[in-house]
1. When the residues of region 109-118 are filtered to those that are surrounded by fewer than 18 Cβ atoms within 10 Å (Cβ to Cβ) and not hydrophobic (A, V, I, L, M, F, W, C), which remaining residue is nearest to Ile91 (Cα to Cα)?
2. For region 212-245, give me each residue that is assigned to a strand (DSSP E or B) and either of a type in the set (D, E, K, R) or closer than 23 Å to Ile347 by Cβ (or both).
3. For region 162-174, does any single residue satisfy the condition of being closer than 30 Å to Asn288 by Cβ and of a type outside the set (Gly, Ala, Ser)?
4. Quick one: in region 60-105, which of the residues that are among the basic types (Lys, Arg) and closer than 16 Å to Ile146 by Cβ is modelled with the highest pLDDT?
5. Is it the case that Asp151 is surrounded by 17 or more Cβ atoms within 10 Å (Cβ to Cβ), among the acidic types (Asp, Glu) and under 22 Å from Gly42 (Cβ atoms)?
6. Report those helices (runs of 4 or more DSSP H) wholly inside region 83-169 carrying at least 3 residues which are over 24 Å from the mean Cα position of the chain (by Cα), within 28 Å of Pro331 (Cα to Cα) and of a type outside the set (Val, Ile, Thr).
7. Using beta carbons and a limit of 6 Å, which pairs, at least six apart or on different chains, have the first residue in region 219-243 and free of Cβ contacts under 8 Å to residues at least 24 places away in the same chain and the second one of a type outside the set (A, V, I, L, M) and surrounded by 13 or more Cβ atoms within 10 Å (Cβ to Cβ)?
Amino acid sequence: MLRALKIGLVIERANRKNLVALAAVVIIVFGFMFYIKAQAVGNQLVEKKGDYYSTQAILSKFQVKDASEAGDGSDLYKNLTKQKSKIALQIATLTMDRQSMYFEASLQLAELRQAAFELEGYENIAELLPSKLQNSMDYLYFKWMIDAGEDSITDLFQYIPFLLFFFSLVGAGWYIFVSFHTSSILLDDFEHSSLIKGFPVRFDSYILSKCIIALLSIVTSILLIFICAIPLWIMNGLGNPQEPVGIYVGNATLISAIQYITMSVGYMLVISIFVMLLSIILNVLLKNMYLTLFVHFILFFLPMIFPSLISLFPYNPFNFMNFNDILRGVPVDLVKPVDITMNLGLIIMFVSIILMLVIIKTFFSTGKIKRA
């Protein structure tokens, strides 16, 4: 096995694909920084102005003149009017830089939205407002901020907040990144047959060495994310590692930013192993990098293009590849809600990994790779 590992390292050292992958990571990380700056991401004042205009548009659908308690408006209309007032208060407190008052107004807004869920006619405007789950997370977040006595808003150009923002979105592209990286995990060696010719290496040892080398490259890519963000730490500070983040684990709950980042890295590593093993099987069966990528893309994008498949096949491991959506509870808000969590996803992925290892050991360990 060590011999196969040494040979593999010799080959990978000259593989330009690894350098391209690392360069892509650097470009993506700095691209996120430019995106935050250009789109004013995290600018609460801009976002709340958008909420205000959205609520105003909803209210325009009602033919009501008097929104007072004794007026002719429905309970839902009166609730929405109060929501609009609270959003206006949020904008005012942000303008005056009164963060503690902003948190209080935000908590009150979450309480109003919680009450609105039970009012008649809410289903007609539900798509224009945050979901019940998202509102529950907002409520928990602002309650925590008030109870903790926080008086500052997150700056995404600090180290921890930026990493949190990055890892809250990376799930959408991580599977694709690893698919590209491993799509020719075995096929690449066909170009270097002279290096491996004549070495009596068992196929399972060869596979293990390839997985270790690919995993080392992927771990390097993850470490590079943290390294590229260090200038933000130097210029703007570390940020708050304990800032709460709302996630769904069967119910809405809060974890710290550092916990979310750690969990994300763990999920990324498990997904990477899953994708590597699937790429090995597809390489042996299809003997073509492009067909391997095509199958990867079909399996990954089908649940996104047809969300009903998530409800129909909730235990499909590819439902969990975009782990950020699962942590946000997106499947719970589908037309046909399905209660799946990343804890379940990890179990399914581990079972799938074991099954793929058995398949590789049983059916491929005595085979010989032929040139495509």
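1. So, considering only residues that are surrounded by fewer than 18 Cβ atoms within 10 Å (Cβ to Cβ) and not hydrophobic (A, V, I, L, M, F, W, C), the one nearest to Ile91 (Cα to Cα) is Glu111.
2. Result: Val245, single match.
3. Within region 162-174 (the criterion being closer than 30 Å to Asn288 by Cβ and of a type outside the set (Gly, Ala, Ser)), the answer is yes, since at least one residue qualifies.
4. In this case the residue turns out to be Lys86.
5. In short, no.
6. Per the criteria, 99-116.
7. Close Cβ pairs satisfying both conditions: Gln242/Ser256.
The values are calculated or read from the model by the stated rules, or taken from the named source; none is laboratory data. No experiment lies behind these values; they were computed from the predicted model shown. Cβ sites come from the backbone with ideal geometry, for glycine too, and all protein chains shown count toward neighbours.
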